[in-house]
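**Q** My questions all concern the structure below.
What follows is calculated from the coordinates using simple rules that are stated; it is not laboratory data. Given the structure is predicted, the values throughout are model-derived calculations rather than measurements. All Cβ positions, glycine included, derive from the backbone under ideal geometry; neighbour counts span all protein chains shown.
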């Protein structure tokens with residue numbers, strides 16, 4: 001079970017996760033694929049903390065339809081054996097149509113991180129299935145969480161012209177549509 005911790009001054013959201021026997025690989029360390037699962041759970045807890053629940057009501061909640069553009073994990077040292085770990089979630093950047101989350105997996109004593117990573121999500125228009133700008137309400141909700149030297153208001157400070165091209169491009173074959181999952 002994860003427990004969330006909010007820190008406005010450091011701008012991260014933290015969850016605690018158990019590492020179980022079935023998370024380990026043959027040599028007794030956390031399997032490489034499980035790191036993304038822990039990051040996914042931490043992100044889900046972050047959305048839940050903000051009052052968002054999994055929804056498919058994209059017409060009434062336009063910012064809910066997001067697709068994963070990129071996942072990146074840097075494995076720094078192994079998580080060995082059954083234990084508990086902390087995952088810190090932060091927002092590195094809020095673009096016109098994208099959001100970049102940063103993650104750190106840490107031991108319970110706040111020692112050296114086991115891993116760090118990032119995930120780029122793109123907001124997608126539910127009808128056109130193309131990148132779409134975030135709403136002002138979403139930007140307001142994310143503003144306190146965005147890491148920036150600009151401080152509060154940074155989610156709006158760098159808001160580009162709505163007529164500019166998207167900051168993230170989703171390339172897909174003609175006729176193909178992205179999977180409409182919410183992460």
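**Q** Rounded to two decimals, what ratio of Rg to Rh does segment 5-157 give with C-alpha atoms and a Kirkwood Rh?
**A** Numbers: Rg = 16.4 Å, Rh = 16.4 Å.
Expressed as Rg/Rh, it is 1.00.
**Q** How far apart, in nm, are two points set 7 Å out from the Cα along the Cα-to-Cβ line at residue 125 and at residue 80?
**A** Going by the 7 Å Cα→Cβ label model, 5.4 nm.
**Q** Sorted by packing (mean other beta-carbon atoms within 10 Å per residue), highest first, where do 127-134, 85-92 land?
**A** Working: 127-134: 16.6, 85-92: 21.4.
Peptide ranking by packing, descending: 85-92, 127-134.
**Q** Determine the gain in length on full extension of the stretch residue 72-residue 135; use 0.36 nm per residue of separation and subtract their C-alpha separation, reporting nm with one decimal.
**A** Details: separation 63, 0.36 × 63 = 22.68 nm, distance 2.64 nm.
My answer for the length gained is 20.0 nm.
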